[in-house]
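Everything on this sheet refers to the single structure shown next.
Every read-out reported here was derived from the displayed coordinates using simple, explicitly stated rules and does not represent laboratory data. Every value quoted in this text rests on a predicted model; they were computed, and no experiment measured them. In this analysis, Cβ positions are derived from the backbone assuming ideal geometry, glycine residues included, and neighbour counts consider all displayed protein chains.
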Amino acid sequence: MMTCRIARAFAVAMVLLTAASAAQATTVYVTTAAQNTVGGLSFGRGDVVAYDMDTDTATLAFSSYYFRNSNGRLNEVVDVIGVHAAGFGKVYLSMESGGYLGADGYRVHFRPGDIVLYDTLLDRAELYFVGREHFVNASGVPGVDENIDGFHIMSNGHLLLTTAAGARLLDVNGNPLFFTNADLIEYDIGAKQASLYLSDDVWRDKNGNTEEPENVDALGMLCDGETLLMSTASASWLGDPLKSFSNGDIIAYDKANDTAWTFLSADVFFKHCSNDNIDGLSILYVSPPDNPEPIEEPVPEPVTMAGMLLGLAGLVGYVRRRR
Ligand SMILES: [Ca+2]
Ligand SMILES: [Ca+2]
Ligand SMILES: [Ca+2]
Ligand SMILES: [Ca+2]
């Protein structure tokens, strides 16, 4: 698990506040709440960029150009509010509003609360998670629209998620489980069973007292399966010893030990634009040799440059791991 060691080594380096940069590449996938320019690349709130933390460079991993209207016309405006990078050009996306993704024959209509699996190489989409089939009202009846503003697909196949407002899913007994927009919920999609993974009471005020938490607006996980990556919607405090974070920081949090540190600082990513907000994040792990070889399929036009870059990133990770 070289990538895991790389991530851990980087995290430890950050904890020790060493000035030396990590020698290995760590790529984090990020979407922001507004337009930004990083490393010469300009992108909008509907785009996802792959940011190389070692070289401080960014490439476009998903372009919002590929959002469509009901007639298939490209270039609709939709904000991506959650992302999980799957490698080989595939990304899972959640959006703030409804829309369409995918070429003719491979197009889906998504709503807020859905998660779309999108192949950036082939311009094909499928619904991975249909929110209205799962989010319930206070009586346990499904059909409720919610926004998933952060998620991660765990190694056990469960969905780790946070919503933009308080919401409900069914618990292991089939009863509605209410959670806030700062609670993290582990959800078994097939069994429709939700449980609290991280309570919002871990969040503090600047004096270390428990307080009304800030919305968690981005979510990921390192491959150790224990260290969370999070971002909040405004300034926040977390951990013992207490650390402060901005809405543009990516926070690493070890819940077993209640320790937090900065995984990627807004000062590094956004430079001096400290008002900018990360609203979706993911670390890409490719796990061959279990992965099958990519299937050769005819590539329709247009092949996205973003897709090619994301696919290339997956292959680079694959080659590194094979060494
Ligand atoms: Ca966004
Ligand atoms: Ca978000
Ligand atoms: Ca949230
Ligand atoms: Ca944020």
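Overview of values
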item: Criterion violated by Asp249 - all others in (1) of a type outside the set (Val, Ile, Thr); (2) within 16 Å of ligand 2 (Cβ to nearest atom); (3) farther than 27 Å from Thr59 by Cβ satisfied; result: (3)
item: Some residue of segment 252-259 being within 20 Å of Asn181 (Cα to Cα) and without any contact (Cβ under 8 Å) to a residue 24 or more places away in the chain; result: no
item: Sole residue being crowded, with 16+ Cβ neighbours inside 10 Å and farther than 25 Å from Val28 by Cα, chosen from Lys243, Lys206, Lys192; result: Lys192
item: Checking Val91 against (1) closer than 15 Å to Leu219 by Cα; (2) among the β-branched types (Val, Ile, Thr); (3) touching a Gly at 6+ places or on another chain (Cβ under 8 Å), the condition it does not meet; result: (3)
item: Which listed residue, of Val216, Val202, is aliphatic (A, V, I, L, M) and within 16 Å of ligand 1 (Cβ to nearest atom); result: Val216
item: Pair list, Cβ < 9 Å and 6+ apart or interchain, from segment 142-154 residues that are in contact (Cβ under 8 Å) with a residue 12 or more places away in the chain to residues that are buried (at least 20 other Cβ atoms within 10 Å of the Cβ) and of a type in the set (Asp, Glu); result: Ile148/Asp114; Asp149/Asp217; Asp149/Asp279; Gly150/Asp217; Gly150/Asp279
item: Residue, nearest to Gly105 (Cα to Cα), within segment 61-89, restricted to residues that are in a strand (DSSP E or B), touching a helix residue (DSSP H, G or I) at 6+ places or on another chain (Cβ under 8 Å) and touching a residue at least 12 places away in the same chain (Cβ under 8 Å); result: Phe62
item: Subset of segment 29-52 [surrounded by fewer than 22 Cβ atoms within 10 Å (Cβ to Cβ) and under 19 Å from Cys223 (Cβ atoms)]; result: Asp52
item: Residue list for segment 213-241, filter: more than 10 Å from ligand 4 (Cβ to nearest atom) and free of Cβ contacts under 8 Å to residues at least 40 places away in the same chain; result: Pro213, Glu226, Ala235, Trp237, Leu238, Gly239, Asp240, Pro241
item: Identity of the residue in segment 56-83, away from ligand 2 (no atom under 16 Å from the Cβ) and aromatic (Phe, Trp, Tyr), that ends up surrounded by the fewest Cβ atoms within 10 Å (Cβ to Cβ); result: Tyr65
item: Tabulated pairs, segment 33-48, first within 16 Å of ligand 3 (Cβ to nearest atom), second in a loop (DSSP other than H, G, I, E, B), C-beta under 7 angstrom, 6+ apart or interchain; result: Ala33/Arg45; Ala33/Asn277
item: Segment 197-224: number of residues that are away from ligand 3 (no atom under 16 Å from the Cβ) and either closer than 23 Å to Val48 by Cβ or acidic (Asp, Glu) (or both); result: 5
item: Filter result (within 14 Å of the chain's Cα centre (by Cα), within 15 Å of ligand 2 (Cβ to nearest atom) and among the small types (Gly, Ala, Ser)) within segment 28-55; result: Ala33, Gly46
item: Count of segment 27-59 residues which are within 24 Å of Asp149 (Cβ to Cβ) and in a loop (DSSP other than H, G, I, E, B); result: 8
item: From Asp123, Asp104, residue being charged (D, E, K, R) and within 28 Å of Ile283 (Cβ to Cβ); result: Asp123
item: Counted residues, segment 162-189 - those being over 24 Å from Ser244 (Cβ atoms), without any contact (Cβ under 8 Å) to a residue 60 or more places away in the chain and surrounded by 14 or more Cβ atoms within 10 Å (Cβ to Cβ); result: 13
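Condition check ((1) assigned to a loop (DSSP other than H, G, I, E, B); (2) in contact with a strand residue (DSSP E or B) (Cβ under 8 Å, 6 or more places away or on another chain)) across all residues:
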residue: Lys206; (1), (2): yes, yes
residue: Ala218; (1), (2): no, yes
residue: Cys223; (1), (2): yes, yes
residue: Ser234; (1), (2): yes, no
residue: Trp237; (1), (2): no, yes
residue: Gly248; (1), (2): yes, yes
residue: Asn257; (1), (2): yes, no
residue: Asp279; (1), (2): no, yes
